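The values are calculated or read from the model by the stated rules, or taken from the named source; none is laboratory data. A quick note: this is a predicted structure, and the numbers were derived from the prediction, not measured. Because the Cβ atoms are built from the backbone with ideal geometry, glycine has one as well, and the counts that use them run over all protein chains shown.
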Amino acid sequence: MFLGQKKKLEDCILEELSKGPLLILDLIQKIKSRVPGVTKQGVYYALRVLKSQEVVVLHKGHVSINVSWLNKVNEYTLTAQHHYFSAQQRSGDVAALQDGEKIKYYFTDPSTTDIFWNHTITILSRIVDPVHPFIAFDPHCWFFIAGDNESTLRDSVNKDGRSYLVAVNGNTLLDKHIKNEFNGTESQYYMAGKKLFPSENYYLNIIGDYIVEVWLDTECEKRMQHLYSSTKKYSDSVQYELQSIIEERGKTKLVVSRNIKKAERLKKKLLKFFFVPTN
């Protein structure tokens with residue numbers, strides 16, 4: 001896909017879905033306006049082909065790109081870039097950061113932030129020795145509920161022989177709901193039941209000397225906090241509400257830095273909650 005000069009119907013569908021999930025009926029209208037003569041049946045057939053190839057996911061009249069497929073494409077791209085482009089050509093990339101340097105990014109919604117966030121962690125996982133664990137702090141680890149990006153990331157981290165460690169502030173019903181996503185050894189989860197960092201909207205990842213810090217939009221985070229504190233029973237409607245929160249517009253900042261002293265200080269603060277065998 002995306003290689004020929006003449007676009008296939010499947011390519012047009014993926015281009016539309018690259019902007020976000022759609023109602024199937026809305027997608028059909030968009031494709032009809034782009035491709036003269038295409039029929040509703042033709043779009044449905046193309047969707048069935050993409051679904052059989054595990055490229056898209058269909059659910060309750062909606063269609064979205066399968067995040068697992070997206071991660072495979074991303075992994076292929078990163079591998080190809082590593083072998084085909086020199087370090088000089090990749091200057092400005094997070095992989096080129098020196099101690100004390102940082103790069104800032106800004107996004108318009110948490111969902112888009114999460115995609116780039118996972119992309120960044122994938123890059124760092126490739127350049128940092130697996131002896132260094134992936135350490136995360138989140139006010140609440142909503143990523144496992146709102147989509148399958150995080151489970152794919154966890155599996156990728158563990159596949160490399162790297163520990164996947166997550167600490168959260170909360171211990172609400174929704175915080176406890178994702179405990180089964182962690183096996184207690186390669187992947188571990190700690191619920192503090194109190195604030196580990198002052199800011200309500202602050203998220204943190206550490207891999208080796210690299211630090212990824214995210215400040216979620218404050219209004220978005222308030223809605224997230226309210227959902228976590230008020231939910232008494234998990235249901236599909238809770239998942240849907242969480243997904244709607246992360247798709248709302250709101251300025252989010254992501255900072256990638258390389259800082260040996262700061263990374264060691266943050267590791268010391270968080271690693272005490274986990275068991276990590278020494279090699």
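Can you report the number of residues in segment 237-260 which are of a type in the set (V, I, T) and more than 21 Å from E213 (Cβ to Cβ)? Of the residues in that region, 1 qualify.
Every listed requirement among (1) at negative phi; (2) modelled with pLDDT under 85; (3) outside any helix (DSSP H, G or I) is met by W69 save one, (3).
Residues in segment 167-192 that are out of contact with any helix residue (DSSP H, G or I) (no Cβ under 9 Å at 6 or more places or on another chain) and closer than 23 Å to L227 by Cβ: N171, K176, K179, N180, A192.
Whether any residue in segment 169-179 is under 25 Å from N259 (Cα atoms) and of a type outside the set (A, V, I, L, M) is what I want to check. Within segment 169-179 (the criterion being under 25 Å from N259 (Cα atoms) and of a type outside the set (A, V, I, L, M)), the answer is yes, since at least one residue qualifies. When residues in segment 160-181 are screened for being without any contact (Cβ under 8 Å) to a residue 60 or more places away in the chain and under 17 Å from the mean Cα position of the chain (by Cα), 5 of them pass.
Applying the criterion of being hydrophobic (A, V, I, L, M, F, W, C) and more than 14 Å from T218 (Cα to Cα) to the residues of segment 237-253, the residue that is surrounded by the most Cβ atoms within 10 Å (Cβ to Cβ) is L242.
Taken as a whole, the structure places E248 among residues that are part of a loop (DSSP other than H, G, I, E, B), in the same structural domain as S199 (by TED's automatic domain parsing), closer than 29 Å to G20 by Cβ and in contact with a helix residue (DSSP H, G or I) (Cβ under 7 Å, 6 or more places away or on another chain). Are any of the residues in segment 169-185 surrounded by 19 or more Cβ atoms within 10 Å (Cβ to Cβ), in contact with a strand residue (DSSP E or B) (Cβ under 8 Å, 6 or more places away or on another chain) and under 23 Å from P277 (Cα atoms)? Scanning segment 169-185 turns up no residue that is surrounded by 19 or more Cβ atoms within 10 Å (Cβ to Cβ), in contact with a strand residue (DSSP E or B) (Cβ under 8 Å, 6 or more places away or on another chain) and under 23 Å from P277 (Cα atoms). Of all residues being assigned to a helix (DSSP H, G or I) and either closer than 27 Å to K262 by Cα or in contact with a helix residue (DSSP H, G or I) (Cβ under 8 Å, 6 or more places away or on another chain) (or both) in segment 80-111, which is modelled with the lowest pLDDT? Just the residue, please. Per the stated criteria, the residue is H82. Does Y202 satisfy the criteria of being over 16 Å from the mean Cα position of the chain (by Cα) and within 19 Å of T113 (Cα to Cα)? It is false that Y202 is over 16 Å from the mean Cα position of the chain (by Cα) and within 19 Å of T113 (Cα to Cα).
Checked against (1) in a loop (DSSP other than H, G, I, E, B); (2) modelled with pLDDT of 80 or more, I121 passes all but a single condition, namely (1).
Of everything listed in (1) farther than 23 Å from P21 by Cβ; (2) touching a Ser or Thr at 6+ places or on another chain (Cβ under 7 Å), the single unmet condition for I103 is (2). Please go through segment 115-132 and pick out each residue that is surrounded by fewer than 22 Cβ atoms within 10 Å (Cβ to Cβ), out of contact with any Lys or Arg (no Cβ under 6 Å at 6 or more places or on another chain) and not β-branched (V, I, T). Correct list: F116, N118, H119, S125, R126, D129, H132. What residue, among those in segment 222-253 that are without any contact (Cβ under 8 Å) to a residue 40 or more places away in the chain and not polar (S, T, N, Q), is nearest to N201 (Cα to Cα)? Per the stated criteria, the residue is K222.
Pairing residues of segment 51-71 that are over 21 Å from D26 (Cβ atoms) with residues that are of a type in the set (A, V, I, L, M) and surrounded by 12 or more Cβ atoms within 10 Å (Cβ to Cβ), at Cβ distances under 6 Å and at least 6 apart in sequence or on separate chains, gives W69/V55.
In segment 46-77, what residues are assigned by TED's automatic domain parsing to the domain that holds E16 and either in contact with a Cys (Cβ under 8 Å, 6 or more places away or on another chain) or exposed (fewer than 13 other Cβ atoms within 10 Å of the Cβ) (or both)? Residues satisfying the conditions are R48, S52, Q53, E54, H59, K60, G61.
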